[in-house]
Each structure stands twice: as C-alpha cells, then as structure tokens.
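The values are calculated or read from the model by the stated rules, or taken from the named source; none is laboratory data. Keep in mind that this is a model prediction, so the values were computed, not measured. Heads up, the Cβs are rebuilt from the backbone with ideal geometry, glycines too, and the neighbour counts pull from every protein chain shown. The area values use the complete protein model at the heavy-atom level, side chains included, leaving out ligands, DNA and RNA. Shrake-Rupley method; radii C 1.70, N 1.55, O 1.52, S 1.80 Å.
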Amino acid sequence: MKFGTKAIHAGVEPDPATGAIMTPIYQSSTYVQSAPGEHKGYAYSRTHNPTRTALQNALAALENGKHGLCFSSGMASIDAMIKMLRPGDEVVSTNDLYGGTYRIFTAVFAGLGITFRFVDMGDLKNVEEAITPKTKLIWAETPTNPMLKIIDIAALAALSKKHKCLLGVDNTFASPYLQNPMDHGADIVMHSVTKYLGGHSDVVMGALIVKDDALHERLAFIQNSCGAVPGPQDCFLVLRGLKTLHLRMQRHSENGKVIANWLAQHPKVDKVYWPGFATHPNHAIAARQMRDFGGMMSFSLKGDDMADATRFLSSTKLFALAESLGGVESLLGHPASMTHASIPREERLKNGMADTLIRLSVGLEDIEDLIADLEQALR
Ligand code: P1T
C-alpha cells in the first residue's frame, strides 16, 4: 500500500459495535469484566484504550514498523526509551538536538548514572570513537533541530549492529512521509507527535515505533508502569491529522523550497540552513534517505546583530513567534532563547548555533502571502 492510502486507512477500521467509519473517542478509564481477568482485551485505559490502539497501529504502519506506543508528549516517549537503560550504561547522541532532549539527558538521566556523549555525527569517526563496551544506544535526530544537519542513518545502523547497541532516531522534523528510519536500519523511531503528525498545533503527544517484539514488550511495560499516556480525545485528533499527512507534507516541502531559495538570494540574509540545497554539506545523504526536504529551515541575517534579529522576529504578521513546529500555520522562533535555551551557550556556539539564528516552520498558507510577510519584516 502506498503512503497516502496508508495515511488514510492504516490502523483504523469501522467501529465493530456501530459501523462508525471514524474511530470513536473511547472516553472510558475502565472496562467491564465478565469474570476476574475476562475481558475483551481492554481492562484499564492506562494499559490499553481502543482509540490509542488505532493510533499506535497507524503510526507503526506509517513508519514501516510493527508496534507503536503513544505517550503524553515527545519528552515522555524519550523518557520511556531511556528508562530501558541502567546506571553505568552509555548513550552516544547527536550534538545538535532539541533543547528539551539535551535537558532530560543531562539534567535528569545523567544524575541517575547514565553517561551521554554528544558528538558531531557528520563525521562517523566521532561516533565510533565515542562508543565504548557500555554504549547501549546511539541517538540521532535527522534533520537536526535547529541546524538542519543530516545524519546518515544507514551508516549509523551499521555502527550500531557492529557494536551491538540500539539505534534510535528522532524523526520529528522529517515525519514518516519524508523519511522512514527503519528502512535504513533504525531500531526505534521516535516522534514528537505534537508536530507534523498532529499537524494542527492542538495536541501535545509523543510516540515510539519499533519492530522487535521483545523491545516492544519492554517499552509497553514501561508505558504502563510509568503511565505517561495520552488521552483518547488527543489520539482522535492525531488520527484525524494523519489522514492529510501526505498532502500537508507535500505542501510544506513545496513552500519550504520556495522560501529557502528566496531567503538565500535576499541581500539582508546571510546563511540559510535547509537540506534541499545542493550546496548543503549533507545534501547527498538527504537526497538518499529522504523523499523531499520539508518546510523546516534556519537562517541568519547579515551583520549577525541581535537587535536586527529581534526586530525581525517581532515584525512578521503571518509567521507567529512561538515554540513548536509542523502545524498548518507558519511559525518562527529564536532557538537561543526559546527551544534551545537549556543548552549552555558555549555548547550551542560550538555546534554552530549562533545567538542570532532564526528558525522557520513554513506552513501551508499561500506562498505569495508568506513571502510578502518575510519581505516586509526584513525591510
Ligand atoms: O514537545 P514534545 O512533544 O514533548 O516533543 C519534544 C521534542 C522532541 N524532539 C524534537 C526534535 C522536538 O523538536 C521536540 C519539541 N520541539 C519543540 C517544541 C520545538 O519548537 O523545537
């Protein structure tokens, strides 16, 4: 089945009780048992809920995985994944990554005895050098947030197999429409469902997708034991969002391409970071492992002046200054003070993230209006 058909049909079937074509919102915490332990597969909604089951199955299908698990946020899904590890275990992670992921690694799990090494995965030698016999997980975001670096998933998968550790990929920026990390050998795919999967900026949710049954069993145990699950109403909203994922991603990519090229030729713009440029240092890898290049990009203004960046960030009218990304509406952000403020400044600068960097999440509006908005704000 091709992607658009899967986005509409995978995981869902008419409600067995009524024939309702849309999966109902099973707003119930518990389920009747005919005798102790005898039920229809549902005993308590922390463990299983039919609306969540439909969404989990849909996400597993879209990522070419076998099992999906949904959590109350993207961070809760990362939390569950790291809880598979033990004190003394080590993780090798990308150095350019969402600030909240850096924060949970360094300010929560490092204190529980897990070691995180952050490396520039643009050079695989750095990854190999950071791996030790204690490494249990390689963690990559690609494209990275916010520098839009591209990491070679297949090459990381080869390293993870060689060193007998898991490879987890945060696929939030790409969405399963643009990239399926499991096809390149990833063991765990993670999403901030809040972003493109939900697609309408009305839900906070996370997901993990795996193929391996034992890995699924362990993660489902953690999901149920720790309990950071989404409610059925939110699962319904994401099921609804998924039905247009392919169409939205096509338009995000179309609009993204026009804006990236327009910014690149603008006299007030210095660098534009977008993997679709043939001049992007990892463009060849992006072209190999992604189907298109999406609507996320970052850029800096000529002169690299904070006052200019601040004026620009406060001057757009359609692009809203806000955290998050991947919704139908265009957003812009200032990573240094917003999404990546919890990464120490020296670390940010070392990874190429200037204080003045501006990030765009290009939405689905008419391109002429988006360009006009950026033009007036740059002026
Ligand atoms: O916000 P939450 O659903 O908990 O997801 C966290 C997360 C994980 N991974 C990536 C790549 C992310 O971008 C995020 C959340 N990011 C933002 C809120 C942001 O504006 O970048």
Q.
Using a Förster radius of 22 Å, what is the FRET efficiency between ALA20 and VAL328 based on their Cβ-Cβ separation? Nearest 0.05, please.
A. 0.30
Q | Segment TYR31-ARG379, length gained on full extension (0.36 nm per residue, minus Cα span) | A | 119.3 nm
Q: Assuming R0 = 51 Å, can you tell me the calculated FRET efficiency for the pair ASP213 and ALA278, based on Cβ-Cβ distance, to the nearest 0.05?
A: 0.75
Q.
With unit charges on the beta carbons (Lys and Arg positive, Asp and Glu negative) and the dipole taken about the Cα centre of region 245-378, which residue among ILE371, GLY294, HIS266 sits farthest to the positive side?
A. GLY294
**Q.** Helix-derived mean residue ellipticity, 222 nm - over the chain, DSSP H n ≥ 4, -39500 (n - 2.57), to 500
**A.** -10000 deg cm²/dmol
Q: Using a/c under 1.5 as the rounded threshold, could you call region 84-196 rounded, prolate or oblate? The axes a ≥ b ≥ c are square roots of the C-alpha gyration tensor eigenvalues, and prolate needs a/b larger than b/c, oblate otherwise.
A: oblate
Q. In region 3-242, what percentage of the DSSP-assigned beta bridges are antiparallel, given to the nearest 5?
A. 40
Q: Compute the Cα gyration tensor for the chain, then decide on rounded, prolate or oblate, letting a ≥ b ≥ c be the square roots of its eigenvalues: rounded whenever a/c is under 1.5, prolate when a/b is larger than b/c in the other cases, and oblate in all that remain.
A: oblate
Q: Take the Cβ-Cβ distance between VAL108 and ALA320 as r, set R0 to 30 Å, and report the resulting FRET efficiency rounded to the nearest 0.05.
A: 0.50
Q. Per residue, how much accessible area does the chain show when a 1.4 Å probe rolls over the protein heavy atoms, in square angstrom?
A. 42
Q.
How large a share of the accessible area of the chain, in percent, is made up of carbon and sulfur atoms when the probe is 1.4 Å and the other protein chains stay in place?
A. 55
Q.
Pairs of alpha-carbon atoms within less than 8 angstrom and 6+ residues apart define the contacts here; what relative contact order does region 245-378 have, in percent?
A. 28
(Q) In whole Hz and in residue order, list the ³J(HN,Hα) couplings for region 58-70 that follow from phi through the Karplus curve 6.51 cos²θ - 1.76 cosθ + 1.60, θ = phi - 60°; x for Gly and Pro. (A) 5, 5, 4, 5, 5, 9, 6, x, 10, 10, x, 9, 9
**Q.** Rounded to the nearest 20 debye, dipole of the chain from Cβ charges on Lys, Arg, Asp, Glu
**A.** 580
Q: Rank by packing, highest mean first: peptides 364-373, 286-295, 52-61, with packing defined as the count of other Cβ atoms within 10 Å averaged across residues.
A: 52-61, 286-295, 364-373
(Q) Using 5 Å bins from zero, what percent of all Cα-Cα pairs in region 1-152 falls into each bin? (A) 2, 8, 13, 14, 15, 14, 11, 10, 8, 4, 2, 0
Q. Of the beta bridges DSSP finds with both residues in region 245-378, what % are antiparallel, to the nearest 5?
A. 85
Q | Long-range amide H partners of TYR26 with built H, under 5 Å | A | THR51
Q) Hey, could you pull the Cα Rg and Dmax for region 201-288, both in Å? A) 19.3, 55
Q: Starting from the Cα-Cα distance between ALA264 and ARG86, subtract it from 0.36 nm times their residue separation and give me the gain in nm to one decimal.
A: 59.5 nm
Q: Would you please classify the overall shape of region 14-90 from the alpha carbon gyration tensor, given that a ≥ b ≥ c denote the square roots of the eigenvalues, rounded means a/c under 1.5, and beyond that prolate means a/b larger than b/c while oblate covers the rest?
A: oblate
**Q.** From phi via Karplus (6.51, -1.76, 1.60), per-residue ³J(HN,Hα) for region 126-135 in Hz, x at Gly/Pro
**A.** 4, 5, 4, 5, 7, 6, 10, x, 8, 5
Q: Give me the distance between the Cα centres of region 315-356 and region 118-152, rounded to whole Å.
A: 22
Q) To the nearest 20 debye, what is the magnitude of the charge dipole of region 246-334 about its Cα centre, counting +1 on the Cβ of each Lys and Arg and -1 on the Cβ of each Asp and Glu? A) 260
